[in-house]
Structures are given as structure tokens and as C-alpha cells.
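Enquirer: Structure below; questions to follow.
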Amino acid sequence: MKVTEHIKNANGKTLFSFEIIPPKKGNSIQQLYNNIDPLMEFKPPFIDVTTSREEYVYIEKEGLLDRKITRMRPGTVGICAAIKHKYDVDTVPHVLCGGFTKEETEYLLVDCHYLGIENVMALRGDAMKHQQYFEACKGGHQFAKDLVGQIQNLNKGKYLHDVIEVDDKADFCIGVAGYPEKHIEAPSLKTDLKRLKEKVDAGADYVVTQMFFDNKKYFEFVEAAKQEGINVPIIPGIKPIAVKRHLQLLPQVFKIDLPEDLIDAIDNCSTNEQVRQVGVEWAINQSKELQNAGVPVLHYYSMGKSDNIKAIAKAVF
């Protein structure tokens, strides 16, 4: 079932969903199952699975360093299929511009269609570590709106090199990212909203926001999006702070602001266990306020761990 259909069928009730990352190569998928199992009691209608782009590794060879390109966390589509089969839940693979050609994207989408995966998250992705700015690979998309356009073309039977008349067309529901505090590269929030409108106009069906810690930012973002003519569901993304280092790391990486009350509470913690509890309590309060406001889904960034997400969900759902 499509994410938008799950939202419609909920009749105004806020749904629970979460995002996981694939294990590194060589690790068992059982690790994922162990973290998914405790969250299934909250009946998530869908689970997102991230995609990692390629990265460079250096291998010593005869005294020299040989640079090779690799993917440390492959297997997104396989994991989606495994979770769908094991838990009978819809899965949402993330599809990236970065590191993928248009042909590779088409093959991935065909695989998803064959597997009965009806939802995809279309993202530009980040720049590689050695790049100052994002650069599309040769034959790939530069912008998420163009990736959305390719997925919508496939929904119409328009492949990259053929228009195929078939009865069994794909019908993907497409999610995209939104930024309540604007994308790191956008010159202004207004400009960023225009870019989001372009993605929706290209065929995006719903939006999931980047993490935020001040609900006011989300409510203002939703209102501004409506003023821009964006009328698809906007799902808030929630990440509980788990370690003290997040005070510096999250604003640096995601260019987001943390509320002073949250900063003070974390500063007063002497251990990361205490920080984790502060993060849980903050996310519970955030979630309850958002739930009372009637958000369609509360989407949690689990980063492969479920104990804190379970504590939040138990208090909210």
C-alpha cells in the first residue's frame, strides 16, 4: 500500500514509522531484525531503508596506497524485500541521485516493482567527502526533482530509451525531503521552498522533514509550504539526541538550531546515559505536541538502534 493511502486510511490518526540503515558489509541482517522486532508492537505501516552512496577507501599495496571506490552499506532493495516478507509491512527504499546513473536507477526501480515495493524516497544525496559541493556522476541526475521526474515517467510506462505499452505499469508513491530550517546549500528558506515546490510539481506525493528540535520550526515550515502551494502531506522527522557530542555534531552536519532548554539539559548531564534519557524525554514532548496538532505520521530516525525509539513510542502511541 502507498504511504499516502496509509495516511488516508488512518482517518486523522497519527501513524508511527521509522528509518533504518543497512548493516555494513559482512554483518548479518539479524542485527536489523533485533532492532526492528521491539518496534513492531506499535504497528508501523511502513519502514524506510536508507541508501549509502559510494566512497573511497585506501588499500595498501606494495608500500603504496591504492584508492578504490566501494559501497560500505549495500543491499537496500534486498533489505526492503526481506523486511516486507518477514514483517508483512511496506518498505520505502531511498533512491539517490548521487553515485547512480539514470540507467542504474531504472534497474533499481524495475526491481522494486517486481518485488511489490510501491513507495520510494527520492533524494539528491550528499556530496562525497572529498567534494566541496555535490556533483552528479556521469549519466546521473544533478537534482532530486529530475529523479522524481524519472520515477513518474516510469509510472507512465516511459523508460529511458523506450515507451512500453504494458498492462502492469509501475505506480510508485514518491517521497521527498523537506527542510524546516532550510537546506544547507539554499540561500534562503523561501528559495528552498521553491525547490520543494518543484519536486512536488514533478510528481512527489509526500514530504518527510529533516530532523528538528523546535516544533515551532515545523509548524512555520508547513504554513509557509502551504503559502507556496505545496499541499501534499508533510511528515515530521524526529531524532532523539543520544550522546553529548550531538550538541556540536548535529548543528555542524545538518545546520540546525537546538533550543536553549535542550542545550542546558544536556550540559547538565555527566554521562551519555543521562543524555540519552534527556533525548527521549525531549522527543516524547515533541511527539505529543505534534500528535495533538494532527500530523499524519511521526517518523523517527533510529540509526539502527531501537531502545530509545521504543521508549518514545510507548509514551506516545
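The values are calculated or read from the model by the stated rules, or taken from the named source; none is laboratory data. The model shown is predicted, which means the values in this text are computed figures rather than measured ones. All Cβ positions, even for glycine, are placed from backbone atoms using ideal geometry, and neighbour counts span all protein chains on display. The protein model used for the area step is the full one, side chains on, heavy atoms only, and it has no ligands, DNA or RNA in it. Shrake-Rupley method; radii C 1.70, N 1.55, O 1.52, S 1.80 Å.
Enquirer: Give the residue that is farthest from Leu96 (Cα to Cα), with candidates limited to residues of the stretch 163-196 that are of a type in the set (Lys, Arg) and crowded, with 16+ Cβ neighbours inside 10 Å.
Expert: Kept after step one, since they are of a type in the set (Lys, Arg), are these residues of the stretch 163-196: 169, 182, 190, 194-195.
Filter once more, so that each one left must be crowded, with 16+ Cβ neighbours inside 10 Å: 182, 195.
On the way: Lys182: 20, Arg195: 17 Å.
Looking at residues that are of a type in the set (Lys, Arg) and crowded, with 16+ Cβ neighbours inside 10 Å, I get Lys182.
Enquirer: Still on this structure, please answer the following. Select from the stretch 235-280 the residues that are of a type in the set (D, E, K, R) and crowded, with 16+ Cβ neighbours inside 10 Å and write down the one among them that is nearest to Phe213 (Cα to Cα).
Expert: Going through the qualifying residues, I end up with Lys239.
Enquirer: Right, something else. Which condition does Asp307 not pass, out of (1) farther than 23 Å from Val49 by Cα; (2) surrounded by fewer than 18 Cβ atoms within 10 Å (Cβ to Cβ), if it passes all the others?
Expert: (1)
Enquirer: While we're here: Within the stretch 218-233, can one find any residue that is under 18 Å from Val120 (Cβ atoms) and open to solvent by 10 Å² or more (accessible area, probe 1.4 Å)?
Expert: So far as the stretch 218-233 goes, yes, one or more of its residues are under 18 Å from Val120 (Cβ atoms) and open to solvent by 10 Å² or more (accessible area, probe 1.4 Å).
Enquirer: In addition: Looking at the structure I just gave you, is Gly63 buried (at least 19 other Cβ atoms within 10 Å of the Cβ) and at pLDDT below 95?
Expert: It is false that Gly63 is buried (at least 19 other Cβ atoms within 10 Å of the Cβ) and at pLDDT below 95.
Enquirer: Given Ala315, Ala283, which one is surrounded by 18 or more Cβ atoms within 10 Å (Cβ to Cβ) and assigned to a helix (DSSP H, G or I)?
Expert: Of the residues listed, the single one that is surrounded by 18 or more Cβ atoms within 10 Å (Cβ to Cβ) and assigned to a helix (DSSP H, G or I) is Ala283.
Enquirer: Please specify each residue of the stretch 8-32 satisfying the condition of being open to solvent by less than 30 Å² (accessible area, probe 1.4 Å) and not in a strand (DSSP E or B).
Expert: Ala10, Thr14, Pro22, Pro23, Leu32
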